[in-house]
1. Rounded, prolate or oblate: pick one for the chain, where a ≥ b ≥ c are the square roots of the eigenvalues of its C-alpha gyration tensor, a/c under 1.5 means rounded, and failing that, prolate if a/b is larger than b/c, else oblate.
2. Under 30 Å Cα to Cα from K178, which lysines show up? Leave out anything in the same chain fewer than 8 places away.
3. Multiply the residue gap between M123 and E37 by 0.36 nm, knock off their C-alpha separation, and tell me the result in nm, one decimal place.
4. At A109 and V67, where each label point lies 7 Å from the Cα along Cα→Cβ, what is the point-to-point distance in nanometres?
5. Counting only protein heavy atoms, what percent of the accessible surface of region 141-220 is carbon or sulfur at a 1.4 Å probe?
6. Under the definition of Cα pairs under 8 Å and six or more residues apart, what whole-number percent is the relative contact order of the chain?
7. I'd like the antiparallel share, as a percent to the nearest 5, of DSSP beta bridges with both residues in the chain.
8. Using the basic label-point model (7 angstrom from Cα toward the beta carbon), what is the L228 to H88 distance in nanometres?
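The values are calculated or read from the model by the stated rules, or taken from the named source; none is laboratory data. Computed from a prediction, not measured in an experiment: that's the story for all the values here. Cβ placement follows ideal geometry from the backbone for every residue including glycine, while neighbour counts extend to all protein chains displayed. Heavy atoms of the whole protein, side chains included, go into the accessibility calculation; ligands, DNA and RNA do not. Shrake-Rupley method; radii C 1.70, N 1.55, O 1.52, S 1.80 Å.
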Amino acid sequence: MTINCKGTLIDLSTPKVMGILNITPDSFYDGGKYKNEKDILTQVEKMLSEGATFIDIGAYSSRPGAVHISEEEELQRIVSIVELLITHFPEIIISIDTFRSKVAKETIASGAALINDISGGNMDDKMFTTVAELQVPYILMHMQGTPQNMQKNPNYKNITTDLISFFAEKLFELHRLKVNDVIIDVGFGFGKTIEHNYQLLKQLDLFKSLDAPILTGVSRKSMLYKLLDITPKDALNATTAANTIALLNGTQILRVHDVKEAMEAVRITEMVK
(Lines give C-alpha, C1' and ligand atoms only; values in the text may rest on other atoms or scores of the structure.)
Protein backbone atom coordinates (compact mmCIF):
# COMPACT_ATOMS: atom_id res chain seq x y z
CA MET A 1 0.00 0.00 0.00
CA THR A 2 1.72 3.20 -1.20
CA ILE A 3 0.81 6.86 -1.70
CA ASN A 4 2.55 9.28 -4.04
CA CYS A 5 3.68 12.49 -2.33
CA LYS A 6 5.29 14.88 -4.83
CA GLY A 7 6.87 11.98 -6.70
CA THR A 8 8.02 10.10 -3.59
CA LEU A 9 6.26 6.81 -2.95
CA ILE A 10 5.47 6.36 0.76
CA ASP A 11 5.11 2.70 1.71
CA LEU A 12 2.32 2.26 4.26
CA SER A 13 2.85 -1.47 4.77
CA THR A 14 4.68 -0.31 7.91
CA PRO A 15 2.55 2.27 9.76
CA LYS A 16 3.69 5.89 9.62
CA VAL A 17 3.31 8.81 12.03
CA MET A 18 1.90 12.25 11.20
CA GLY A 19 2.94 15.02 13.57
CA ILE A 20 0.40 17.76 14.33
CA LEU A 21 1.33 21.44 14.01
CA ASN A 22 -1.57 23.67 15.05
CA ILE A 23 -0.98 27.33 14.21
CA THR A 24 -4.33 28.31 15.69
CA PRO A 25 -4.82 30.34 18.87
CA ASP A 26 -7.62 28.09 20.18
CA SER A 27 -6.95 24.40 19.45
CA PHE A 28 -8.03 22.18 22.34
CA TYR A 29 -4.54 21.03 23.39
CA ASP A 30 -1.80 23.22 21.91
CA GLY A 31 -3.67 26.32 20.75
CA GLY A 32 -1.44 29.40 20.74
CA LYS A 33 1.68 27.39 21.56
CA TYR A 34 3.45 27.91 18.22
CA LYS A 35 3.15 31.63 17.53
CA ASN A 36 6.48 32.58 15.99
CA GLU A 37 8.89 31.15 13.42
CA LYS A 38 11.44 29.99 16.01
CA ASP A 39 8.87 27.99 18.00
CA ILE A 40 7.41 26.48 14.84
CA LEU A 41 10.79 25.45 13.41
CA THR A 42 11.91 23.98 16.76
CA GLN A 43 8.74 21.89 17.08
CA VAL A 44 8.83 20.64 13.47
CA GLU A 45 12.53 19.74 13.74
CA LYS A 46 11.73 17.79 16.92
CA MET A 47 8.87 15.86 15.27
CA LEU A 48 10.93 15.05 12.17
CA SER A 49 13.92 13.91 14.26
CA GLU A 50 11.62 11.64 16.28
CA GLY A 51 10.43 9.88 13.13
CA ALA A 52 7.40 11.73 11.72
CA THR A 53 6.86 10.98 8.02
CA PHE A 54 4.26 13.74 7.63
CA ILE A 55 3.66 17.11 9.29
CA ASP A 56 -0.02 18.13 9.35
CA ILE A 57 -0.55 21.90 9.55
CA GLY A 58 -3.86 23.31 10.70
CA ALA A 59 -4.81 27.00 10.67
CA TYR A 60 -8.55 26.52 11.36
CA SER A 61 -9.47 25.18 14.80
CA SER A 62 -11.95 22.29 14.49
CA ARG A 63 -12.44 21.64 18.21
CA PRO A 64 -16.13 21.43 19.23
CA GLY A 65 -17.66 24.91 19.25
CA ALA A 66 -14.59 26.51 17.65
CA VAL A 67 -14.84 30.05 16.28
CA HIS A 68 -15.34 30.14 12.51
CA ILE A 69 -12.69 32.14 10.63
CA SER A 70 -12.68 33.42 7.06
CA GLU A 71 -10.86 31.82 4.15
CA GLU A 72 -8.63 34.89 3.94
CA GLU A 73 -7.56 34.56 7.57
CA GLU A 74 -6.85 30.85 7.15
CA LEU A 75 -4.70 31.57 4.10
CA GLN A 76 -2.90 34.39 5.87
CA ARG A 77 -2.02 32.06 8.74
CA ILE A 78 -0.92 29.03 6.75
CA VAL A 79 0.75 29.85 3.39
CA SER A 80 3.78 31.61 4.90
CA ILE A 81 4.29 28.70 7.33
CA VAL A 82 4.30 26.16 4.48
CA GLU A 83 6.90 28.28 2.67
CA LEU A 84 8.97 28.61 5.86
CA LEU A 85 9.04 24.86 6.45
CA ILE A 86 9.83 24.01 2.82
CA THR A 87 12.77 26.45 2.98
CA HIS A 88 14.20 24.97 6.18
CA PHE A 89 13.30 21.31 5.57
CA PRO A 90 13.33 20.76 1.77
CA GLU A 91 12.43 17.04 2.06
CA ILE A 92 9.47 17.61 4.39
CA ILE A 93 6.09 16.09 3.46
CA ILE A 94 3.41 18.55 4.54
CA SER A 95 -0.26 17.72 4.94
CA ILE A 96 -2.74 20.60 5.05
CA ASP A 97 -5.66 20.33 7.45
CA THR A 98 -8.38 22.27 5.58
CA PHE A 99 -11.88 21.84 4.18
CA ARG A 100 -11.50 24.72 1.70
CA SER A 101 -10.51 24.08 -1.91
CA LYS A 102 -8.82 27.48 -2.32
CA VAL A 103 -6.64 26.84 0.72
CA ALA A 104 -5.83 23.40 -0.69
CA LYS A 105 -4.83 24.87 -4.05
CA GLU A 106 -2.66 27.67 -2.65
CA THR A 107 -0.84 25.53 -0.09
CA ILE A 108 -0.09 22.77 -2.60
CA ALA A 109 1.30 25.48 -4.90
CA SER A 110 3.50 26.59 -1.98
CA GLY A 111 4.96 23.10 -1.54
CA ALA A 112 2.55 21.02 0.53
CA ALA A 113 1.92 17.42 -0.55
CA LEU A 114 -1.41 16.15 0.90
CA ILE A 115 -4.85 17.51 1.79
CA ASN A 116 -6.53 16.47 5.05
CA ASP A 117 -10.23 17.39 4.87
CA ILE A 118 -12.24 17.05 8.10
CA SER A 119 -15.50 17.47 6.17
CA GLY A 120 -14.97 14.73 3.57
CA GLY A 121 -15.85 17.23 0.83
CA ASN A 122 -19.12 18.27 2.47
CA MET A 123 -18.16 21.85 3.36
CA ASP A 124 -16.81 22.85 -0.07
CA ASP A 125 -18.34 21.30 -3.18
CA LYS A 126 -15.20 22.15 -5.19
CA MET A 127 -12.86 20.14 -2.99
CA PHE A 128 -13.07 16.82 -4.84
CA THR A 129 -12.52 18.37 -8.29
CA THR A 130 -9.68 20.50 -6.89
CA VAL A 131 -7.90 17.45 -5.43
CA ALA A 132 -8.42 15.67 -8.75
CA GLU A 133 -6.78 18.58 -10.59
CA LEU A 134 -3.91 18.75 -8.10
CA GLN A 135 -3.39 14.96 -8.15
CA VAL A 136 -2.33 14.81 -4.50
CA PRO A 137 -3.22 12.29 -1.78
CA TYR A 138 -6.47 13.14 -0.01
CA ILE A 139 -7.44 12.28 3.56
CA LEU A 140 -11.19 11.73 3.59
CA MET A 141 -12.56 12.20 7.10
CA HIS A 142 -16.09 11.69 8.39
CA MET A 143 -17.74 14.41 10.45
CA GLN A 144 -21.42 14.72 11.35
CA GLY A 145 -22.35 18.42 11.19
CA THR A 146 -19.75 21.21 11.52
CA PRO A 147 -17.18 22.01 14.24
CA GLN A 148 -19.65 24.55 15.59
CA ASN A 149 -22.52 22.06 16.12
CA MET A 150 -21.12 18.53 15.69
CA GLN A 151 -21.31 17.54 19.37
CA LYS A 152 -24.83 18.82 20.05
CA ASN A 153 -26.67 15.56 19.39
CA PRO A 154 -24.72 13.02 17.32
CA ASN A 155 -27.05 10.29 16.11
CA TYR A 156 -26.60 7.15 13.97
CA LYS A 157 -28.53 3.95 13.20
CA ASN A 158 -25.29 1.97 13.54
CA ILE A 159 -22.20 4.12 13.47
CA THR A 160 -19.89 1.52 11.91
CA THR A 161 -22.17 0.54 9.03
CA ASP A 162 -23.26 4.17 8.54
CA LEU A 163 -19.63 5.25 8.15
CA ILE A 164 -18.72 2.36 5.87
CA SER A 165 -21.58 3.42 3.58
CA PHE A 166 -20.43 7.05 3.74
CA PHE A 167 -16.87 6.13 2.76
CA ALA A 168 -17.98 3.73 0.00
CA GLU A 169 -20.01 6.51 -1.67
CA LYS A 170 -17.26 9.11 -1.33
CA LEU A 171 -14.55 6.72 -2.55
CA PHE A 172 -16.65 5.89 -5.61
CA GLU A 173 -16.96 9.61 -6.40
CA LEU A 174 -13.24 10.28 -5.87
CA HIS A 175 -12.14 7.30 -7.96
CA ARG A 176 -14.50 8.41 -10.74
CA LEU A 177 -12.61 11.73 -10.71
CA LYS A 178 -9.34 9.74 -10.86
CA VAL A 179 -8.13 10.68 -7.37
CA ASN A 180 -5.87 7.69 -6.85
CA ASP A 181 -4.51 8.07 -3.32
CA VAL A 182 -7.34 8.33 -0.78
CA ILE A 183 -6.82 7.72 2.95
CA ILE A 184 -9.85 7.33 5.20
CA ASP A 185 -10.27 8.70 8.73
CA VAL A 186 -13.36 7.79 10.79
CA GLY A 187 -13.13 11.14 12.57
CA PHE A 188 -12.88 10.30 16.24
CA GLY A 189 -14.60 13.05 18.22
CA PHE A 190 -16.18 14.73 15.20
CA GLY A 191 -19.92 14.35 15.73
CA LYS A 192 -19.63 11.24 17.91
CA THR A 193 -20.42 10.37 21.51
CA ILE A 194 -17.79 8.65 23.68
CA GLU A 195 -19.64 5.35 23.06
CA HIS A 196 -19.57 5.94 19.27
CA ASN A 197 -15.82 6.57 19.41
CA TYR A 198 -15.08 3.34 21.27
CA GLN A 199 -17.30 1.29 18.98
CA LEU A 200 -15.32 2.64 16.02
CA LEU A 201 -11.99 1.93 17.71
CA LYS A 202 -13.09 -1.63 18.48
CA GLN A 203 -14.39 -2.22 14.93
CA LEU A 204 -11.73 -0.29 12.99
CA ASP A 205 -10.60 -3.46 11.23
CA LEU A 206 -13.99 -3.62 9.43
CA PHE A 207 -12.99 -0.50 7.48
CA LYS A 208 -10.21 -2.50 5.79
CA SER A 209 -12.97 -3.82 3.49
CA LEU A 210 -12.89 -0.40 1.77
CA ASP A 211 -9.35 -1.13 0.49
CA ALA A 212 -8.00 2.28 1.50
CA PRO A 213 -5.30 3.17 4.03
CA ILE A 214 -6.69 4.14 7.45
CA LEU A 215 -5.55 7.19 9.41
CA THR A 216 -6.39 7.44 13.11
CA GLY A 217 -6.38 10.65 15.12
CA VAL A 218 -7.16 10.14 18.82
CA SER A 219 -4.26 12.13 20.26
CA ARG A 220 -5.21 13.63 23.65
CA LYS A 221 -8.90 13.81 22.62
CA SER A 222 -11.91 14.06 24.92
CA MET A 223 -12.86 10.41 24.30
CA LEU A 224 -9.75 9.67 26.39
CA TYR A 225 -9.52 12.41 28.97
CA LYS A 226 -13.25 12.62 29.75
CA LEU A 227 -13.45 8.86 30.23
CA LEU A 228 -10.51 8.98 32.65
CA ASP A 229 -11.47 12.28 34.29
CA ILE A 230 -8.13 13.90 33.45
CA THR A 231 -7.01 16.81 31.23
CA PRO A 232 -5.63 16.77 27.66
CA LYS A 233 -2.23 17.60 29.18
CA ASP A 234 -2.33 14.33 31.17
CA ALA A 235 -3.64 12.14 28.33
CA LEU A 236 -0.40 10.95 26.73
CA ASN A 237 -0.52 7.48 28.29
CA ALA A 238 -4.18 7.11 27.27
CA THR A 239 -3.27 8.24 23.75
CA THR A 240 -0.58 5.55 23.49
CA ALA A 241 -3.05 2.89 24.66
CA ALA A 242 -5.64 3.95 22.07
CA ASN A 243 -3.00 4.24 19.32
CA THR A 244 -1.83 0.70 20.05
CA ILE A 245 -5.38 -0.65 19.70
CA ALA A 246 -5.77 1.28 16.43
CA LEU A 247 -2.51 -0.16 15.07
CA LEU A 248 -3.52 -3.70 15.98
CA ASN A 249 -6.85 -3.08 14.19
CA GLY A 250 -5.25 -2.00 10.92
CA THR A 251 -4.35 1.69 11.10
CA GLN A 252 -1.60 2.75 8.68
CA ILE A 253 -1.12 6.36 9.85
CA LEU A 254 -1.24 7.77 13.38
CA ARG A 255 -1.92 11.51 13.62
CA VAL A 256 -0.40 12.68 16.92
CA HIS A 257 0.94 15.53 19.03
CA ASP A 258 3.66 13.26 20.48
CA VAL A 259 5.72 11.60 17.76
CA LYS A 260 8.30 9.72 19.85
CA GLU A 261 5.68 7.79 21.82
CA ALA A 262 3.67 7.00 18.66
CA MET A 263 6.80 5.65 16.93
CA GLU A 264 7.41 3.39 19.94
CA ALA A 265 3.84 2.07 19.68
CA VAL A 266 4.43 1.35 15.98
CA ARG A 267 7.68 -0.54 16.66
CA ILE A 268 6.14 -2.66 19.41
CA THR A 269 2.99 -3.56 17.46
CA GLU A 270 5.07 -4.41 14.40
CA MET A 271 7.13 -6.82 16.49
CA VAL A 272 3.92 -8.44 17.78
CA LYS A 273 2.62 -8.83 14.24
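1. Details: a/c = 1.19, a/b = 1.10, b/c = 1.08.
Since a/c stays below 1.5, the shape of the chain is classed as rounded.
2. Cross-link targets: K6, K16, K102, K105, K126, K170, K208.
3. Working: separation 86, 0.36 × 86 = 30.96 nm, distance 3.03 nm.
Additional length available on full extension: 27.9 nm.
4. Label at A109, label at V67, 2.8 nm between them.
5. Working: 1790 of 3640 Å².
For region 141-220, the apolar C and S fraction of the accessible surface comes to 49 percent.
6. Details: 491 pairs, mean separation 54.6, N = 273.
Relative contact order here is 20 percent.
7. Details: 4 of 30 bridges.
Here the share of antiparallel DSSP bridges comes out near 15 percent.
8. Modelled inter-label distance: 3.0 nm.
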